[in-house]
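Written out below as structure tokens is the structure these notes cover.
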Amino acid sequence: MEKIDYFSFVPDPRVKGRCKHKLSDILIIAIATYLCGGDDYASMYEFCKHRGESLKPLLELPNGCPSVNTIERAISRIDPTAFAECLSVFGSTLVDDLKGKLVSIDGKRIRGSKSSDSYTHILSAWVDEHTISIAGKAVEEKSNEITAIPDVLDRIDLTGSVVSIDAMGTQTDIAQG
């Protein structure tokens, strides 16, 4: 397995010189945990502790597994737009051709992303056959998915694919775009 560090492009919001764990390690642990059915910070720690060895080609873990609190602090502070972009780049490398494939456009509120009175909301293009997102964008606060849909659609070649979108996205400009 070759290590390609897509997540090194996510800016690290933590205080330089005070971090024992690489942000890219934490993000890879989070994604691997999610793909295996985990959905909280404790399950990310447990995944690293018990299954981290299987990710050794992808992880450095210079100080062992990060604690639950470290994982939570790091993930809650990352820039959701930069993270969504990295996930999109990663996902798009796994899917060559969308011809004949179902692409679902949908927005989701990210668990654990609440800061004060708002949540991070990500709009993504999901390829059902590959169960992976190939494009995404954080929806601006005080906005909605309609404004983000054209940006997401512009990033992917949908020629020959079937696109599914909820009623909010059935705008003439979006359908013809």
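The values are calculated or read from the model by the stated rules, or taken from the named source; none is laboratory data. Since the structure is predicted, the reported quantities are computational estimates derived from the model, not experimental observations. Neighbour counts run over all protein chains shown; Cβ positions are idealised from the backbone, glycine included.
Please verify whether R14 is touching a residue at least 24 places away in the same chain (Cβ under 8 Å) and part of a loop (DSSP other than H, G, I, E, B), treating the condition exactly as stated. For R14, the condition - touching a residue at least 24 places away in the same chain (Cβ under 8 Å) and part of a loop (DSSP other than H, G, I, E, B) - is met.
Here's the yes/no breakdown for (1) modelled with pLDDT of 90 or more; (2) of a type outside the set (K, R):
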| position | (1), (2) |
| --- | --- |
| Y6 | no, yes |
| F9 | no, yes |
| P13 | yes, yes |
| K16 | no, no |
| H21 | yes, yes |
| I29 | yes, yes |
| Y34 | no, yes |
| C48 | yes, yes |
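Of all residues in the stretch 150-164, none satisfies being polar (S, T, N, Q), closer than 29 Å to S76 by Cβ and either over 16 Å from the mean Cα position of the chain (by Cα) or not in a helix (DSSP H, G or I) (or both). Applying a threshold of 9 Å to beta carbon distances and a minimum spacing of six or more residues, or different chains, the list of pairs starting in the stretch 150-168 at a residue that is assigned by TED's automatic domain parsing to the domain that holds I134 and modelled with pLDDT of 85 or more and ending at one that is surrounded by fewer than 15 Cβ atoms within 10 Å (Cβ to Cβ) and assigned to a strand (DSSP E or B) reads S161/L102; V162/L102; V163/L102; S164/L102.
Among the residues examined, K56 qualifies as loosely packed, with under 15 Cβ neighbours inside 10 Å, basic (K, R) and not assigned by TED's automatic domain parsing to the domain that holds T120.
Screening the stretch 20-104 for helices (runs of 4 or more DSSP H) wholly inside it with 1 or more residues that are within 30 Å of T159 (Cα to Cα) and touching a Leu at 6+ places or on another chain (Cβ under 9 Å) returns the ranges 23-35, 80-94.
Pick from V95, V103: which is farther than 30 Å from R73 by Cβ, at pLDDT 85 or above and surrounded by 12 or more Cβ atoms within 10 Å (Cβ to Cβ)? Exactly one residue qualifies, and that residue is V103.
If you go through the stretch 76-85 one residue at a time, do you hit one that is in contact with a Cys (Cβ under 8 Å, 6 or more places away or on another chain) and in contact (Cβ under 8 Å) with a residue 12 or more places away in the chain? No, that holds for no residue. F90 falls short of the stated requirement of being surrounded by 19 or more Cβ atoms within 10 Å (Cβ to Cβ), within 30 Å of V162 (Cα to Cα) and in contact (Cβ under 8 Å) with a residue 60 or more places away in the chain.
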